[in-house]
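This report refers to the structure that appears directly beneath it.
No value in this document is a laboratory result; all are computed from the given coordinates. Note that this is a predicted model, so its numbers are computed, not measured. Here the Cβ is made from the backbone with ideal geometry for all residues, glycine too, and neighbour counts use every protein chain on show.
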Amino acid sequence: MEKRQDYRSRMSNTEVHVSDQAGFCTGTLKDFSQSGLRISNLPRKVHPKNGYFTVIVSRGAMKFNLKVQEKWKSTNGLTAEVGTAIDNAPPEWKSMVMRYEPRQSASWRALFSV
């Protein structure tokens, strides 16, 4: 059953840097939305402190430092994939995400509703 509230976009070949406050690692951004990220290829041993990670998403000139909360985790061998919710996403993040969303998405409708 699909529980996502927002449209999920993809940005191919985007590496993210993740800190669990005990160390740093890299992963792959699978998809993203106004309110969440799905990250794969993380080391299985990554454990968020108090349920939160710090994720740095950078590509070209854009760079976002996001505090995210782990919502689910799936492991496969030595790697993990996590679904996260962004805690207080900055307006710049939301603006960037809208460039990847179809104009029919809820974010665009909310922008033009009166």
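Rounded to the nearest 0.05, what FRET efficiency do Thr75 and Ser12 give with R0 = 30 Å and r taken as the Cβ-Cβ distance? Could you check?
The computed FRET efficiency comes out at 0.80.
How much length would be gained if the chain were fully extended between Arg59 and Arg99, taking 0.36 nm per residue of separation minus their Cα-Cα distance, in nm to one decimal?
13.0 nm is the gain from fully extending Arg59 to Arg99.
In debye to the nearest 20, how big a dipole does the stretch 15-89 give about its Cα centre with +1 on each Lys and Arg Cβ and -1 on each Asp and Glu Cβ?
Computed about the Cα centre, the dipole is about 60 debye.
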